[in-house]
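To start, the structure under review is shown below, and the notes come after it.
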Amino acid sequence: MLEREALETAEVTPAIKTKKRKRAGLSKDRWLAFLFLLPSIILLAIFVYGFISWTAYVSVSRWHSLLPDFTFAGLANYQALFHNFRFQADLRNTLFFSVFFIVLVVLLGQMLAIFIDQRLKAESLFRNIFLFPMALSFVVTGVVWRWILNPETGVNLLLKDFGIHPKWYTDTSIVPSWHIGQIDFGLPVALIAVVIAAVWQMTGFSLAMYLAGLRAIPEDVREAARIDGASEFQIYRKIILPQLKPITYSVVIIMAHISLKIFDLIYAMTGPGANYVTDMPGVFMFETTFRGNDYAQGAAIAIIMLIMVAVFIIPYLISSRKGES
Amino acid sequence: MFKRLGMFAIAVLVLAAVLAGCSNSKSSGSGGSSSEKGKLEIFSWWTAGGEADGLKALIDDFHKKYPDIKIENEAVAGGAGSNAKAVLATRMQGGDPPSTFQVHGGAELLTWVKAGKMEALDSLYKKNGWDGKFPKDLIDMVSYNGKIYAVPVDIHRGNVLWYNKKIFEDNGLEPPKTFDDFFKVADKLKAKGITPLAIGDKDVWESTMVFENILLAKLGPDKYRQLWTGEVPFDDPAVKEAADIFKKMLNYVNADHSSLAWQDATQLVADGKAAMNIMGDWAKGYFTSKGLKYDQDYGAVVTPETDGMFMVITDTFGLPKGVSKPDQVKKFLTELGSVDGQDAFNPKKGSIPARTDTDVSKYDDYSKKAMEDFKSNSLTPSLAHGSAAPESFLTKVNQAVNIFVTQKNVANFIQALKDASSQLKQ
């Protein structure tokens, strides 16, 4: 959903802008445009921004059971959160998951796109193979990879013959395990399994983005470089890859918001994990709110997640607006 | 110009349609529920397998007696009721309660009672002559300030140790009665390369169940109950002893326990890959569905040192305040509490009836034994299933258990339980 919105706004807004410049003042066209937009503005105002403010309001209340209690609690819920072992673990997990997930999706997507761009014979076949996982739901991916990476029955039956026996998502070790706050800080080994599943699913998306980017670079540019005596490797390094920068930017933003909000994959694949090695804020929020009925605490987690995503998205929105004008 | 007018007209139409859509859905919402209020809405999370069959049998029986009352089966699927509970909370808070709803007896029910959302049912009990038909310990679980607030339908037992008969016979072992026995048996099995105890605690509550059974064994029923009222503190020596035993037990469990759900752990015992499993007696349904026979392929005993105690998980139904036809609901509750109703529902679900005077011949061998115990044993509420303490406390205990299972630090665990117990006083 959000990916598409991001792409659409990027394309649509310039058209509106040029129109605005031509006709200043409130013409009939602008009234009409406003009228067309009004329903969605009203709906957005209520169902997005209204509910965000409502969540913020709940997060500073004392609504800790099934019965609403809106007495003001200040930042107590947030304080409790940052002193909570599970939340600290969640922040660590989100950090490591996001970094590994985004870097791998960008690199693999780029590599595969360049590979497919080599005018292969079965290009469309490869493209489809890599794009297919994207059509699946994270829940399906999660269940399938849970089976594949089950330490007793999955891919380990093969690996056993090579004498390796990874524990995948049941591994509770954390490297390098520095003690910070209440938790051990480091990469939870169990997360590697989750990263594999997530990368498998989302690489197709980044491949498609990069492929579109590559196809948008006119052939003359490459030809000119070739005439100037550049090798194919130099063409990619010096000419093509620099032009793909905006795509990388978009891919990172889109992947970042997916990884920060990830819920379904974790929920279907591993759950919070022993010692919360694969827990994420989204899962914590769901369990606190809808299992534990601690609405105020759950709202506080949701607000923090919103802030984390906003840190990525707002600079992106600002810069894409600047790019247009 | 004409074109522009046309556009304008379309815009107005679109806007009107959207506004109409909004107001329409709103009016149909309230209108719908007022027409639905003529129906009897039965809210539960019984959507699949024997549970759904049992509910259907119950509704059919009720329908025969009262063909005029329209019943709406409003079962919400998923996650051992977690989805249903979320929907229920929204409806209760919104002042639109279902006619009657499934809720675990104990703390889970009392949350609604304390909030003043439920009607007392003493007159219903009196009218039907139900006094003494349910065990007293059970009625205590659905009572508050001396008034009864719900009708228990079914009973599951939480303190059951399931074992693979073949493994035990092949190795000349007896199912353990004490923890000393347990560890002796476990050591022998481990030496043979068999996983002694299967746990599947992907959802954490499975481990919490193991721990609550040890707690019950070490504290005894009275002190165990007092734990949840705050009369016995969590740094009581017996709690620490229970934690130590739990810690020792964790040396004997399957390595991949955190990736398995409870069914997977039961499956390990069924397959002979593990010897024992501690789980509620819904595991019987799982064994049966795999074609295994009680007392031939698998056996069941109470968990160590809990003889004479019965960890109760009970589904109950009550009457929310503000429903439009309380008389119909009372008729349905009467059916639920009747011998007919309980015998229609429970054999299908695989649970035992909450009444003690039902027709024993309708139940299987395991249930017959459980029914006998249920009559005479001391009944205690399960923490892992929301009967002993509020959900907010349970969430914190689950968190402590999840950390403990990995870190195995008893002092931290006891401290976490103590910290969580502040939630009990709410």
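The values are calculated or read from the model by the stated rules, or taken from the named source; none is laboratory data. Nothing here was measured: the structure is a model prediction, and the numbers come from that model. Glycine gets a Cβ as well: all are built from the backbone with ideal geometry, and neighbour counts include every protein chain shown. Heads up: the accessible areas ignore ligands, DNA and RNA and are worked out on the full protein's heavy atoms, side chains in. Shrake-Rupley method; radii C 1.70, N 1.55, O 1.52, S 1.80 Å.
Applying the criteria of a DSSP loop state and at most 15 other Cβ atoms within 10 Å to the trypsin sites (Lys or Arg not before Pro) of the stretch A:77-171 yields A:Arg119, A:Lys121. For the pair the stretch B:210-239 / the stretch A:124-198, the C-alpha centres are spaced 39 Å from each other. Across chain B, the relative contact order, built from alpha-carbon pairs under 8 Å that are at least six residues apart, equals 26 percent. Of the three principal axes defined by the Cα atoms of the stretch B:159-236, the extents in descending order read 46, 27, 19 Å. Charging the Cβ of each Asp and Glu at -1 and of each Lys and Arg at +1, and nothing else, the dipole of chain A about its Cα centre rounds to 1200 debye.
Compactness of the stretch B:276-316 was expressed as the Cα radius of gyration divided by 2.2 N^0.38 Å, which yields 1.30. In percent, rounded to a whole number, the relative contact order of chain A is 27, using alpha-carbon pairs under 8 Å and six or more apart. Computed from the alpha carbon atoms alone, the convex hull of the stretch B:276-426 holds 165 Å³ per residue.
Charges at C-beta only: +1 for Lys and Arg, -1 for Asp and Glu. How large is the resulting dipole of chain B about its Cα centre, in Debye rounded to 20?
Working: 52 positive and 54 negative charges, 258 e Å.
Around 1240 debye, computed over chain B.
The stretch A:2-324 gives an Rg/Rh value of 1.03, both radii derived from C-alpha positions and Rh following Kirkwood. On the basis of the beta-carbon distance and an R0 of 25 Å, B:Asp271 and B:Asp295 show a calculated FRET efficiency of 0.85.
You can think of it this way: the chain between B:Asn145 and B:Asn171 has 4.1 nm of extra reach, that is 0.36 nm per residue less the Cα-Cα gap. Treating each Cα of the stretch B:235-359 as one equal point scatterer and applying the Debye formula with no solvent, the log10 of I(q)/I(0) at q = 0.19 Å⁻¹ comes out as -1.15.
What dipole magnitude, in Debye to the nearest 20, does the stretch A:230-325 give about its Cα centre under +1 on Lys/Arg Cβ and -1 on Asp/Glu Cβ?
Details: 7 positive and 6 negative charges, 99 e Å.
So the magnitude is around 480 debye.
For chain B, the calculated P(r) over all alpha carbon pairs, in 20 Å bins from 0 to the bin holding the longest distance, is 25, 52, 18, 5, 1 percent.
Do the alpha carbons of any pairs in B:Lys184/B:Lys290; B:Lys85/B:Lys126; B:Lys39/B:Lys65 sit beyond 18 Å of each other, and which pairs?
On the way: B:Lys184/B:Lys290 30 Å; B:Lys85/B:Lys126 30 Å; B:Lys39/B:Lys65 16 Å.
Among B:Lys184/B:Lys290; B:Lys85/B:Lys126; B:Lys39/B:Lys65, the Cα-Cα distance tops 18 Å for B:Lys184/B:Lys290; B:Lys85/B:Lys126.
With the simple model of a label 7 Å out from the Cα in the direction of the Cβ, A:Phe70 to B:His63 spans 4.4 nm.
For the protein assembly as shown, the solvent-accessible area with a 1.4 angstrom probe is 46 square angstrom per residue.
Ordering B:Gly386, B:Ser258, A:Ile217 by the projection of their Cα atoms onto the charge dipole of the protein assembly as shown, which places +1 on the Cβ of Lys and Arg and -1 on the Cβ of Asp and Glu, puts A:Ile217 at the extreme positive end.
Rounded to the nearest 10 degrees, the inclination of helix B:2-36 to the longest alpha-carbon principal axis of chain B is 50 degrees.
Here the extension length gained between A:Val140 and A:Ser173 equals 9.2 nm, from 0.36 nm per residue of separation less the Cα-Cα distance. Applied to the stretch B:266-281, the Karplus parametrisation 6.51 cos²θ - 1.76 cosθ + 1.60 on θ = phi - 60° returns per-residue 3J(HN,Hα) values of 4, 4, 4, 5, 4, 7, x, 7, 9, 8, 9, 7, 9, 7, x, 7 Hz, with x for Gly and Pro. In terms of its Cα atoms, the protein assembly as shown spans 93, 70, 50 Å along the principal axes, sorted from long to short.
Between B:Lys188 and B:Asp244, residue separation times 0.36 nm minus the direct Cα-Cα distance comes to 18.1 nm. Remark on the stretch B:134-184: ratio of C-alpha radius of gyration to 2.2 N^0.38 Å is 1.90.
For the chain pair A and B, buried accessible area totals roughly 3200 Å², probe 1.4 Å, rounded to the nearest 100. Residues of the stretch B:268-291 with an amide N closer than 12 Å to a point placed 7 Å from the Cα of A:His165 along the Cα-to-Cβ direction: none. Here the accessible area is traced with a 1.4 Å probe on the protein chains. For the stretch A:2-324, carbon and sulfur cover 70 percent of it.
Of the cross-linked pairs B:Lys273/B:Lys348; B:Lys192/B:Lys284; B:Lys223/B:Lys248; B:Lys177/B:Lys273; B:Lys321/B:Lys375, which ones have a Cα-Cα span greater than 25 Å in the structure shown? In this structure, B:Lys273/B:Lys348; B:Lys192/B:Lys284; B:Lys321/B:Lys375 lie more than 25 Å apart at Cα. Within the stretch B:363-401, the residues that become at least 30 Å² less accessible when every protein chain is included than when their own chain is isolated (1.4 Å probe; DNA, RNA and ligands ignored) are B:Glu391, B:Ser392, B:Thr395, B:Gln399.
Once backbone amide H atoms are built at 1.01 Å from N, B:Ile71 has B:Leu40 as its partners under 5 Å, excluding neighbours fewer than 5 places away on the same chain.
Run the numbers on the stretch B:38-113 and let me know its relative contact order in percent, using alpha-carbon pairs under 8 Å that are six or more apart. Working shown, then result.
Details: 72 pairs, mean separation 33.5, N = 76.
Averaging sequence separation for qualifying contacts and normalising by length gives 44 percent for the stretch B:38-113.
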